[in-house]
Amino acid sequence: MYALVDCNNFYVSCERVFDPSLNHKPIVVLSNNDGCIIARSNEAKALDIPMGAPLHLYKQVIQKNNVLVYSSNYTLYGDMSSRVMDSFNYFTPDVEVYSIDEAFLGLNGFEQDAIFSKMLYMKKKIYQWTGIPVSIGIGPTKTLAKLANKIAKKYSRKGVYEVIISDHLSQILSDISVEDIWGISKGWGARLRKSGIYTALQLQRANPCYIRKCISVVGERIVYELKGISMLRLGDINRKKSITVSRSFRVMVEDLPNLKQALANHISRAAEKLRYQKSLCGGLYVFINTNKFRKNDHQYRNVGIATFDEPTNNTIVMIRKGFEVLQKIYRAKYNYKKIGVTFIDLKPNNEELKLDSFEYKRMKNIDMYSIQGNLFKTGSPNAKFSGICMQLLDSINYKMGSGTLFYGSVGINKKIEKNKIQIIENSDAILHNKSASYTTNWTELLRVS
DNA sequence: TCTGGGGTCCTAGGACCC
DNA sequence: TCTGGGGTCCTAGGACCC
């Protein structure tokens, strides 16, 4: 069984923790540049202010109803989020933080009959410890837990709802439209409707192979999940695969120095995040866009990409198994490129084995290294990243200076190949020129189950 | 005048190899 | 007129999520 815990109106609830006088008042919280409404209290939702609405379109409603407007404070929200997420550990070790305000919990250690009351108790405790109200959905799969959460928010006074496979579930599903299912939005919803599938129940009873053709393997998984067959396991996403820092400009920007200034800030922020999560960087991606809402202006967008795949003398390879053989292979590979490589044998009794790769590199003061022929950079040398970013920007803004362009936003995206940052475990796989990690084929998995 | 920012996964198609 | 087949890897783009 899974539970999905979701903080109610999270950003608004955070503000209320620090100013209880805000309770029961209509409140909205704004996006970075105060442009959009990204969180609403129930009172604000009742005024039909939609999620993501541009603030300037709702000025009147806001004034008329004395809606309180807050700029966002992500430091505060991040801190509150950690407090909530930490409190789950008191109840179960199986926690997947899904977003800033949501987490999946694995409930396999719980006695079936006790789950509901346990979750009810947890909800109370979380409120007591953090001041944040949450809703909890329980179900045999993640998708059903997600659905249960929706029901808990909407209909249950207790704020906790459990989905059990039964006739009753069929009735519930028949009242839910396909677009309300986690993973199905407008586009796929429209496709399903064309095939005569309008409700969650119809989707649950559809032929999975047909849905796969109609949508994709993602849709097929949803069908099984709705039937109560678990296709999505609990993940531990504590390292991001990519990091983005981007901002729209509040005012029109036409000159390169301003763009560069912004980019310099973004890259140092991104490197900070990279260091924080102890990752390495496999490449950089710089992009610019004009303001897409100014339909009459000439539109321009471009990206520049740099990947770090040229080995240097600073390359090290850590090998845990089959050191001699692998070393030979790598020697051949790198000598060919006239590159010096350091090999490290991580024998089981090697003290260095206890360090993770990031710590190891920090200790040895290495800022680049290679695993399985892929080169990575650590996040420390800001100046290097910054230099690469500026070059990329120069390469993509060739129309700059013509006076015809207005730049809407600029950002960077550091691609991080989490799965490749690993110590080589499986020498057999390497010897046979196969990758040491395997991807699961969903079709196979379905056949087995 | 003002229109968010940060993620994930999957697929199709091209390049390349034997 | 005929014009391998199968595999892998990479990337852009499209869909979805909060």
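The values are calculated or read from the model by the stated rules, or taken from the named source; none is laboratory data. Remember, it's a predicted structure, so these values are computed and weren't measured experimentally. A quick note on method: Cβ atoms are made from the backbone with ideal geometry, for glycine too, and the neighbour counts reach across all protein chains shown.
Answer with yes or no whether A:I243 is crowded, with 20+ Cβ neighbours inside 10 Å and touching a Ser or Thr at 6+ places or on another chain (Cβ under 6 Å). The answer is no for A:I243.
Contact annotation: residue pairs with Cβ atoms under 6 Å, 6 or more positions apart or on different chains, pairing a residue in the range A:260-279 that is touching a residue at least 60 places away in the same chain (Cβ under 8 Å) with a partner that is among the aromatic types (F, W, Y) and crowded, with 22+ Cβ neighbours inside 10 Å, are A:I267/A:F385; A:A271/A:F385.
So, A:R157, is that one touching a Ser or Thr at 6+ places or on another chain (Cβ under 9 Å) and over 28 Å from A:R205 (Cβ atoms) or not? In short, no.
Keeping to the range A:1-46, report how many residues are among the acidic types (D, E) and in contact with a helix residue (DSSP H, G or I) (Cβ under 7 Å, 6 or more places away or on another chain). Qualifying residue count for the region: 3.
Considering only residues that are among the β-branched types (V, I, T) and more than 29 Å from the chain's Cα centre (by Cα), which ones fall in the range A:31-86?
Those that are among the β-branched types (V, I, T) and more than 29 Å from the chain's Cα centre (by Cα): A:V61, A:I62, A:V67.
If only residues of the range A:178-191 that are more than 16 Å from DNA strand B (Cβ to nearest atom) and hydrophobic (A, V, I, L, M, F, W, C) are counted, the one that is surrounded by the fewest Cβ atoms within 10 Å (Cβ to Cβ) is A:A190. Does A:A114 satisfy the criteria of being within 25 Å of A:G159 (Cβ to Cβ), under 24 Å from the mean Cα position of the chain (by Cα), among the hydrophobic types (A, V, I, L, M, F, W, C) and away from DNA strand B (no atom under 12 Å from the Cβ)? No, not satisfied. The conditions of being at pLDDT below 95 and under 21 Å from A:G228 (Cβ atoms) are not met by A:Q202.
More than 24 Å from the chain's Cα centre (by Cα) and either among the basic types (K, R) or buried (at least 17 other Cβ atoms within 10 Å of the Cβ) (or both): is that true of A:A270 in this structure? Considered against the rule, which asks whether it is more than 24 Å from the chain's Cα centre (by Cα) and either among the basic types (K, R) or buried (at least 17 other Cβ atoms within 10 Å of the Cβ) (or both), A:A270 comes out as no. Only one of the numbered conditions (1) loosely packed, with under 13 Cβ neighbours inside 10 Å; (2) at pLDDT 70 or above; (3) within 16 Å of DNA strand B (Cβ to nearest atom) is violated by A:E324, and that is (3).
Annotation note: Cβ proximity below 8 Å between a residue of the range A:97-111 that is of a type in the set (F, W, Y) and a residue that is part of a loop (DSSP other than H, G, I, E, B) (sequence gap 6+ or interchain) occurs for A:Y98/A:I237; A:F104/A:L234; A:F110/A:M1; A:F110/A:T92. Considering only residues in the range A:57-74 that are among the β-branched types (V, I, T) and outside any helix (DSSP H, G or I), the one that is surrounded by the most Cβ atoms within 10 Å (Cβ to Cβ) turns out to be A:V67. Looking at the range A:230-252, can you tell me whether even one residue there is of a type outside the set (D, E), more than 16 Å from DNA strand C (Cβ to nearest atom) and over 30 Å from A:I100 (Cα atoms)? Yes - at least one qualifying residue is present in the range A:230-252.
Could you tell me whether A:R193 is away from DNA strand C (no atom under 14 Å from the Cβ) and either under 30 Å from A:C14 (Cβ atoms) or free of Cβ contacts under 8 Å to residues at least 40 places away in the same chain (or both)? For A:R193, the condition - away from DNA strand C (no atom under 14 Å from the Cβ) and either under 30 Å from A:C14 (Cβ atoms) or free of Cβ contacts under 8 Å to residues at least 40 places away in the same chain (or both) - is not met. Within the range A:216-226, identify whether any single residue is modelled with pLDDT under 95, farther than 18 Å from A:A3 by Cβ, within 16 Å of DNA strand C (Cβ to nearest atom) and exposed (fewer than 14 other Cβ atoms within 10 Å of the Cβ), and answer yes or no. Among the residues of the range A:216-226, at least one is modelled with pLDDT under 95, farther than 18 Å from A:A3 by Cβ, within 16 Å of DNA strand C (Cβ to nearest atom) and exposed (fewer than 14 other Cβ atoms within 10 Å of the Cβ), which makes the answer yes.
For (1) away from DNA strand B (no atom under 16 Å from the Cβ); (2) in contact with a strand residue (DSSP E or B) (Cβ under 8 Å, 6 or more places away or on another chain); (3) in contact (Cβ under 8 Å) with a residue 24 or more places away in the chain, each residue gets a yes or a no:
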position: A:W129; (1), (2), (3): yes, no, yes
position: A:G139; (1), (2), (3): yes, yes, yes
position: A:K146; (1), (2), (3): no, yes, yes
position: A:N149; (1), (2), (3): yes, yes, yes
position: A:G159; (1), (2), (3): yes, yes, yes
position: A:I176; (1), (2), (3): yes, yes, yes
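When the residues of the range A:5-27 are filtered to those that are among the acidic types (D, E) and not in a loop (DSSP other than H, G, I, E, B), the one that is nearest to DNA strand C (Cβ to nearest atom) is A:D6.
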